[in-house]
1. Relative contact order for the chain: what is it in percent, counting Cα pairs under 8 Å that are at least 6 residues apart?
2. Using the charge dipole of segment 27-123 (Lys, Arg: +1 at Cβ; Asp, Glu: -1 at Cβ; taken about the Cα centre), state which of Ser63, Ser31, Leu45 has its Cα farthest towards the positive end.
3. How would you classify segment 1-103 from its alpha-carbon gyration tensor, with a ≥ b ≥ c the square roots of the eigenvalues: rounded for a/c under 1.5, else prolate if a/b is greater than b/c, otherwise oblate?
4. Calculate, for Lys169 and Asp121, the FRET efficiency according to 1/(1 + (r/R0)^6) with r their C-beta to C-beta distance and R0 30 Å; round to the nearest 0.05.
5. Charges only on Cβ, +1 for Lys and Arg, -1 for Asp and Glu: so what's the dipole of the chain about the Cα centre, in debye to the nearest 20?
6. Looking only at the chain, where both bridge partners belong to it, what percent of the DSSP beta bridges are antiparallel (to the nearest 5)?
7. State in Å² the accessible area per residue of the chain; use a 1.4 Å probe, count heavy atoms of protein chains only, and round to the nearest integer.
8. Taking a ≥ b ≥ c as the square roots of the Cα gyration tensor eigenvalues, with a/c under 1.5 meaning rounded and otherwise prolate when a/b beats b/c, else oblate, which class fits segment 43-113?
Amino acid sequence: MIQKCKKFISEYQLIKPKDRILIALSGGADSVFLFYLLLQRRGELELDLRAVHVEHGLRGDQSILDAQFVERLCERYQIPLQEYRCNIAKSAQKSGRTIEEEARVVRYRFFEEISDMWEVDKIAIAHNATDDVETILFHMIRGSGLIGLTGIRPIRERYIRPLLGITGKEIRTFL
């Protein structure tokens, strides 16, 4: 499966030698696999890896445990980590957005802020092929035009999605 990801990364030219990459690391299976994939490539491509974790304050103790897991993971592999803790429910209420929309807006705003601070080249997101199919179906239901039917792009500005060539099930089986 690592080879499949390497081929996808190469095909879409997602990563270049010596890139400075910020990994969006939630602590879930997809982002942990992405973390290990990039760690595996770090030496051969001389990558400068950093991580970011957003704790949304939505899942109580489980959310805190995820944050602690991410901290230990980054510490173990000596990956600099920047964490952000927020109350998305309160923030969504103020903004008038749904919790999901607000979480996404806040998360990406923080990714941008940290990316600028650390001067990273790329921000790696753990979207996989399963997420892509769900996105296409969601866009169809909403009545999207042809552009929306293309799904998630492997690269958009400095955001890269190295896992789009594999499914969530493949990731969980591998882990």
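1. Relative contact order here is 29 percent.
2. Ser63
3. Judged from the Cα gyration tensor, segment 1-103 comes out prolate (a/c at least 1.5, a/b above b/c).
4. Taking R0 as 30 Å, the efficiency between Lys169 and Asp121 is 0.45.
5. Here the chain has a charge dipole of around 260 debye.
6. Once the DSSP bridges in the chain are tallied, antiparallel ones form about 10 percent.
7. Working: 9900 Å² over 175 residues.
Result: 57 Å² per residue.
8. oblate
The values are calculated or read from the model by the stated rules, or taken from the named source; none is laboratory data. Just so we're clear, the structure is a prediction, and the values are computed from it rather than from any experiment. Ideal geometry is used to build each Cβ from the backbone, glycine not excepted, and the neighbour counts take in all protein chains shown. Quick note on the areas: whole protein, heavy atoms, side chains included, nothing else; ligands and nucleic acids left out. Shrake-Rupley method; radii C 1.70, N 1.55, O 1.52, S 1.80 Å.
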